[in-house]
1. Which ones in segment 128-167 are under 24 Å from Phe85 (Cβ atoms), away from ligand 1 (no atom under 16 Å from the Cβ) and either among the small types (Gly, Ala, Ser) or under 17 Å from the mean Cα position of the chain (by Cα) (or both)?
2. From the list Asn243, Asn301, Asn263, which one is without any contact (Cβ under 8 Å) to a residue 24 or more places away in the chain, over 16 Å from the mean Cα position of the chain (by Cα) and either assigned to a loop (DSSP other than H, G, I, E, B) or surrounded by 13 or more Cβ atoms within 10 Å (Cβ to Cβ) (or both)?
3. Please specify each residue of segment 88-124 satisfying the condition of being β-branched (Val, Ile, Thr) and outside any helix (DSSP H, G or I).
4. Among the residues of segment 280-288, is any basic (Lys, Arg), part of a loop (DSSP other than H, G, I, E, B) and within 16 Å of ligand 2 (Cβ to nearest atom)?
5. All but one of (1) surrounded by fewer than 24 Cβ atoms within 10 Å (Cβ to Cβ); (2) within 15 Å of ligand 1 (Cβ to nearest atom); (3) among the charged types (D, E, K, R) hold for Asp220; state the number of the condition that does not hold.
6. Checking Tyr185 against (1) within 12 Å of ligand 1 (Cβ to nearest atom); (2) crowded, with 21+ Cβ neighbours inside 10 Å: exactly one of these is not met. Which one?
7. Taking Ala228, is it at pLDDT 95 or above and surrounded by fewer than 18 Cβ atoms within 10 Å (Cβ to Cβ)?
8. Pairs needed: first member in segment 208-221, under 24 Å from Gln170 (Cβ atoms); second member anywhere, of a type in the set (Lys, Arg) and within 12 Å of ligand 1 (Cβ to nearest atom); C-beta distance under 6 Å; at least 6 residues apart or different chains.
Amino acid sequence: MASNYRFSFGPWNISEGADPFGPPVRPTIEFGKKLAAYKRLGFEGVQLHDDDAVPNVDQKSAAELQREAAALKSLLEGEGLVPEFVAPRLWEDPRGVDGGYTSNDPQARQWAIDRTKRAIDIAAALGTKLMVLWLAREGTYIRESKNAIQAYGWQLEAVNALLAHHPEIQLAIEPKPNEPMDQAYVPTIGHALALAYRSADPARVGGLIETAHARLAGLDPSDEMAFALAAGKLWSVHLNDQNGLKFDQDKSFGAADLRGAYNQVRILELADYAGTRRFVGLDVKTMRTQKADVAEKHLANSKAIFLRLVEKVRSFPRQVEQQCIAARDYEALELAVLEHLMGK
Ligand code: 3MF
Ligand code: MG
């Protein structure tokens with residue numbers, strides 16, 4: 001049965017559209033309406049930024065945070081939904097403009113840590129242990145603007161401060177090599193896990209691999225996943241697709257590289273990722289200029305393609321694979337894979 005995976009997406013995956021050159025093409029949809037889409041589209045998990053969960057996080061008292069997070073928890077329960085993770089949205093605040101944890105400004109660094117502690121409190125109140133850190137602006141536009149050695153030290157100090165804030169919280173670092181920065185400080189899962197093992201509690205620091213981010217780093221997403229899986233540290237994925245080295249496209253899963261998508265599913269199957277009960281997260285956006293009435297299809301389509309690829313992985317003739325590997329006949333293996341994908 002290919003139905004044992006759990007799927008999630010974030011409210012930002014139903015979006016206004018637009019590109020840097022044009023106006024919005026779809027109306028804003030309020031959070032409550034987006035929540036209603038989850039069950040309709042066959043999703044159980046909700047990925048949340050801290051301010052998706054509690055708007056204006058910085059202005060709220062601890063009691064307000066608790067109350068609003070508790071209200072969201074019951075709203076989600078009412079819809080039969082589970083919060084997968086909370087991620088601090090540092091990159092949209094003016095204080096985070098030059099990075100949070102690695103800003104040259106000590107006040108900005110302190111704000112980033114404090115804000116993330118609030119995000120942790122929200123996660124705890126919602127009943128999830130998973131905190132995702134996409135280190136959006138931790139990096140530089142020009143190398144001369146920061147001392148990168150010092151910045152990596154600050155990044156580690158921030159991770160340790162967050163681990164100390166809550167004894168059970170788990171940090172999944174979502175590496176991305178660029179955008180919004182020219183160069184990010186933690187561009188790959190190798191960097192993320194090196195940081196994890198240098199932290200005060202390596203068991204509580206892992207990773208999340210996004211297909212497009214790995215592609216932007218010139219790496220194979222399935223091998224990035226494998227690196228984390230081998231260490232027991234793949235705590236979520238953001239499946240999507242990316243057509244070459246350009247802006248982060250967040251295309252539907254399999255849309256640009258179907259065989260690459262197959263290989264990501266294959267590696268998740270080899271690791272029995274479904275058995276871990278961790279979510280298969282999507283981080284997909286509909287095409288920028290699509291009209292509102294079709295602007296949810298990318299989510300259902302990505303999930304459907306994933307499940308079709310699970311069937312493809314499970315039905316691949318193992319004997320052929322073994323024979324080809326034993327004979328070191330990779331040409332035959334490649335043809336068998338292509339024919340299998342094309343349905344011969
Ligand atoms: C950017 C991303 C982000 C993260 C999200 C959760 C807006 O490229 O992928 O999506 O996934 O912030 O950490
Ligand atoms: Mg992502």
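The values are calculated or read from the model by the stated rules, or taken from the named source; none is laboratory data. If you're wondering where the values come from, they're calculated on a predicted model, not measured in any experiment. Heads up, the Cβs are rebuilt from the backbone with ideal geometry, glycines too, and the neighbour counts pull from every protein chain shown.
1. Scanning segment 128-167 gives Ala161, Ala164.
2. On the way: Asn301 fails: without any contact (Cβ under 8 Å) to a residue 24 or more places away in the chain; Asn263 fails: without any contact (Cβ under 8 Å) to a residue 24 or more places away in the chain.
The match here is Asn243.
3. If we filter segment 88-124 for residues that are β-branched (Val, Ile, Thr), which is where we start, we get 97, 102, 113, 116, 120, 122.
Residues satisfying the conditions are Val97, Thr102.
4. Taking segment 280-288 first, the residues basic (Lys, Arg) are 285, 288.
Add one more test, that the residue is part of a loop (DSSP other than H, G, I, E, B), and what stays is 285, 288.
Now narrow it down to the ones that are within 16 Å of ligand 2 (Cβ to nearest atom): 285.
So far as segment 280-288 goes, yes, one or more of its residues are basic (Lys, Arg), part of a loop (DSSP other than H, G, I, E, B) and within 16 Å of ligand 2 (Cβ to nearest atom).
5. Unmet condition: (2).
6. It fails just one condition, (1).
7. Working: at pLDDT 95 or above: yes; surrounded by fewer than 18 Cβ atoms within 10 Å (Cβ to Cβ): no.
For Ala228, the condition - at pLDDT 95 or above and surrounded by fewer than 18 Cβ atoms within 10 Å (Cβ to Cβ) - is not met.
8. Matching pairs, first to second residue: His213/Lys176.
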